[in-house]
1. At residue D:6, label 7 Å along Cα→Cβ: distances to the other copies, nm, ascending?
2. Cα-Cα pairs above 19 Å in the range D:178-326: how many percent?
3. Give the span of the protein assembly as shown's Cα atoms along each principal axis, as three whole-Å numbers ordered largest to smallest.
4. Can you give the accessible area per residue of chain D, in Å², using a 1.4 Å probe?
5. Can you give the charge dipole size of the range A:11-324 about its Cα centre, rounded to the nearest 20 debye, using +1 on the beta carbon of Lys and Arg and -1 on the beta carbon of Asp and Glu?
6. Sort shortest first the distances from residue D:94 to its counterpart in every other copy, using label points 7 Å along the Cα-to-beta-carbon line, and give them in nm.
7. Scan chain B and note any complete DSSP helix (H) whose C-alpha atoms cover at least 18 Å along its axis and whose Kyte-Doolittle average is 0.0 or more.
8. For the range D:40-118, what is the convex hull volume of the alpha-carbon atoms per residue, in Å³?
Number of protein chains: 4
Amino acid sequence: MAFTFNQDRELDIITIGRACIDLNANEYNRPMEETMTFTKYVGGSPANIAIGSSKLGLKAGFIGKIPKDQHGRFIQRYMNEKGVDTSNMVVDTDGRRAGLAFTEILSPSECSILMYRENVADLYLEPSEVNEDYIKKAKILLVSGTALALSPSREAVIKAISLAKKHDVKVIFELDYRPYTWHSQEETSIYYSLVAELSDVVIGTRDEYDVMENLASPGNNDETMKYLFAHGAELVVIKHGVAGSYAYEPNGTVHHGQAYKTNVLKTFGAGDSYASAFLYAIISGKDYETALKYGSASASIVVSKHSSSEAMPTVQEIEQFIRDRS
Amino acid sequence: MAFTFNQDRELDIITIGRACIDLNANEYNRPMEETMTFTKYVGGSPANIAIGSSKLGLKAGFIGKIPKDQHGRFIQRYMNEKGVDTSNMVVDTDGRRAGLAFTEILSPSECSILMYRENVADLYLEPSEVNEDYIKKAKILLVSGTALALSPSREAVIKAISLAKKHDVKVIFELDYRPYTWHSQEETSIYYSLVAELSDVVIGTRDEYDVMENLASPGNNDETMKYLFAHGAELVVIKHGVAGSYAYEPNGTVHHGQAYKTNVLKTFGAGDSYASAFLYAIISGKDYETALKYGSASASIVVSKHSSSEAMPTVQEIEQFIRDRS
Amino acid sequence: MAFTFNQDRELDIITIGRACIDLNANEYNRPMEETMTFTKYVGGSPANIAIGSSKLGLKAGFIGKIPKDQHGRFIQRYMNEKGVDTSNMVVDTDGRRAGLAFTEILSPSECSILMYRENVADLYLEPSEVNEDYIKKAKILLVSGTALALSPSREAVIKAISLAKKHDVKVIFELDYRPYTWHSQEETSIYYSLVAELSDVVIGTRDEYDVMENLASPGNNDETMKYLFAHGAELVVIKHGVAGSYAYEPNGTVHHGQAYKTNVLKTFGAGDSYASAFLYAIISGKDYETALKYGSASASIVVSKHSSSEAMPTVQEIEQFIRDRS
Amino acid sequence: MAFTFNQDRELDIITIGRACIDLNANEYNRPMEETMTFTKYVGGSPANIAIGSSKLGLKAGFIGKIPKDQHGRFIQRYMNEKGVDTSNMVVDTDGRRAGLAFTEILSPSECSILMYRENVADLYLEPSEVNEDYIKKAKILLVSGTALALSPSREAVIKAISLAKKHDVKVIFELDYRPYTWHSQEETSIYYSLVAELSDVVIGTRDEYDVMENLASPGNNDETMKYLFAHGAELVVIKHGVAGSYAYEPNGTVHHGQAYKTNVLKTFGAGDSYASAFLYAIISGKDYETALKYGSASASIVVSKHSSSEAMPTVQEIEQFIRDRS
């Protein structure tokens, strides 16, 4: 089956949540203590997905709060240059900063992030800064789980979902779970469940669904499906790392997409590039099998490169990559 | 029509939210500056409703957090004495206090409350302190809007609702709006809508529904009904003060209950006594017309007395009161 | 020796710090859970000392922040009626409340206080609200230790001391230690030392000096004297409960005052009434021996009565009390 | 005159306060939005002074709190490598981060810093983490004004000063004023005055003394001297930018040191390098005239280079620089 949505909209996708700064180690395969220089990129899952979608040719918009400083201006300028509509970006006026992610690449499989997330601008998006007229211009609204971690961003996102449902905008929930900021896994579970029950499409790793279900040990996909389809989901995507990803439909159909092997530089950015390409495919009317391939290919391309946002592939790159592996 | 629910449950009603201390002016009809002595009562809407319900013969339980101090012990002891099951009351261990309400009665129609709500124990109920086995023992779960004002109480209540729905416990939402603690009316509106959409019965004043709908000027009941019945409500009660109250059913039936005239001492406690008696009536299988009468009568009795909790009437008092005014 | 100070000043004493509400159990010799009514009084050590001083005939002023509510208006009105100059009282505009002290009198020797001190107005006195022209009108400035517990009250008090020293106003430090609000005894010790080193007179119980010196076990008065006189103190008063109190002079002279036996109702208010009468005596030019007697007599009178502020004695009562026990 | 101090100590200097991370723009003479890569250095005034002192041959120690992360480990390792004793560095265990300073060099005279100072580890140094046995090993203790900006670092520094005075360690107060973190200039003024009154040497720019004195318009050095010498200062250094710096003695002697012209890259690091070299000179027994020259030369060398810490000069470089300009 293919995904259906309101075709008659100006924007293909609006993402809501954080736009931050990644500071990627230029000297890698070593502890960050030994990295002396860093390159700056735009980061943050919903910003990356907007950038990735735009690069794939979608009309993408972004709702989020950025600082009134050099990092904020860089974020806005960069996203604009990549074609993202930033008309609904809000500039913080209380001296808050952009979130930072210093990346450490000890080895291709041992990556970690040193986060600066104290009092960051993105978590201070207010409900009053979410614009009904803007939301209703979109085919789909992509919500990032991290934006639910703290008030008032949490309420801004709940309001955006409520407006999306009112105006027949499909709600995509990218679980995007980051333990920092959340008080407890139980708190995360409460909001993830609440939002998942309201969403049309849910995308995440198996680990992230375990957090949503507040499980101590790994859950199984059948239980997750029973739960989400009972609340009206149309499509559920669960990613299992090297074992590939699955797309579930309410009618019981399951699609499996394999993961592509690649020359991994680091693991960051895989999820955002996956989501961008998967959503591009379903918005373009491709079937779910193809969408799974696009997602996997896009993720494989990004993990072989230095950045998350700057490395987002074009349609041609994705299709070439898939052809090369067929 | 009559209200239907799972009959086979040990407890008629569980209320969740705050149990506090009322300090009622002994010298009244004057500014509080001139009041020199105060009498202590248990207060807080969900505590009052549990007490009121118990006094009417229902088996009532209470979920909430009380301080580890003399006020906390008084609350627990008093509610126990009134027959409320306090087995799921939680004692705070972080030095927080009970909320306080000093009442000022300038005249029967000019009452105000001086609140102490900073860092109060009740708002620190944790989701992990809400017990699934307890929730599923109840016919109905009554949720107080004020308990949604702050984390982690907010999440504890959302969890309780989710458990209630899982176990076929009817969810009653008493809007109980108090502006303090909330950051903005828009924030209140977001959570009130979220919870109202999940509730089987919603009870409040017209003013409170206006807050739920984030309206700047008074809304109308028809719009409210359209909204709530679209989300699955079974019964909506809207109170209009001296103009009486209305119970709406999804099939379009509207019941009107008149307000009884009485010798008003103060306005406090009207809502809690209304809810107790209304719920008593519907749980006892009485029709909605009768339930509206019970609610109004109970409210009239309480506003003519000094306290809210201690003054909660018995069934005999309510029925006598109604007979006297027929 | 007698205490010397600048005679040519309009006000005898200004106290700085908290003015709160005491809610004293009307039913006592029982746990507070069983107390049903409370009587309201003005409380808080520096407010009590201002009231006590005024009642003794001194011209007293008070610097502190009160809430913009009924309790705040009661405090201001009451202090005014007792003759205290409240022209430099500041009204909070951020919705903060008055501190509350519910007293529990289990028995005359087992008294405890249930405090409400979260976000109270008095601790939000700003340095900019301390007026140089006012400070310089006084003979002495009495500083309460509790006002050092939190910013910005802490800085307001440090500024007041600095202005007092600039204008030759004697600084009296009443240690008035209350563990709540302080983060640690070490933090208390740091500020108590800092202020004691700047003070002309220090008054406290032996326990309070132990906190100032951050001692784990009781210290001795000789060490305390060595320390304080090295920093310029003129007089140090140490209270030892039933063993009486001592006044130390830098020249080595020690005065001992006995404690008077009395019919104790509760222990509250002893320190404030002691300080009022002791300071009254030294400001009136009486010798230290006499001042110690006045302090003890005043304390004995207050502990036999229900309140702290309202029970403050007159000079006649104190002198009669002393005569009766001679 | 020359500066006198207790010669018989293991460490020449201990600095107390922050050790942070500088991220210096690699591409400069442009807005930071256009800078894409940054080089990482240790930063923070007291850390820089410890590093600078050590490089000049002094035995230097550092007291401060660093994060338990890659940045913290880098700071400790780097300072160790530069010869600074880090035995009394404390590692934060509450997940706090290092402060960050992204430098923007628009032009040599238009430099600005984008600070990350939310909840940083250095401001959480506890009084209990300041070690009496360590303090008493030093000839001088250098206190950075910024460490007074917030509790508990504020109290840790006050405790360190108190211990220094107890053990005859000279206290040097480097005003090091940074407006962020402070609530108001009046608050800064209160703590700066308190600490300056306790210090043996005070060093700062004229602007910083204006903050200390809470002046709205520029103050004059004579008034500042009158104030500080009345409280026991031995030496006061006031820097006037290109107009050079002045060292004042209590006996009225004034020494003037000129500023050296240099090829300025950026203005950062001037104060720290000045302090390091000035203190090196007076600890080495050089006269004040010479110390002023050393300070100015060191500052001129650092502002011509990319970093603050890494660029700290050796004695040979300073002396060569002075000879070249004589």
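1. 3.8, 7.4, 7.7
2. Value for the range D:178-326 (Cα pairs over 19 Å): 54 percent.
3. Result, largest extent first: 92, 88, 46 Å.
4. 35
5. Computed about the Cα centre, the dipole is about 720 debye.
6. 1.3, 2.0, 2.0
7. Qualifying helices: B:153-166, B:270-283, B:288-303.
8. Dividing the Cα hull volume of the range D:40-118 by its residue count gives 98 Å³.
The values are calculated or read from the model by the stated rules, or taken from the named source; none is laboratory data. Predicted, not measured: the structure shown is a model, and the values here were computed from it. Virtual Cβ from ideal backbone geometry, glycine too; neighbours counted across all protein chains shown. Ligands, DNA and RNA are stripped out before the accessible areas are found, and what is left, the full protein with its side chains, is counted by its heavy atoms. Shrake-Rupley method; radii C 1.70, N 1.55, O 1.52, S 1.80 Å.
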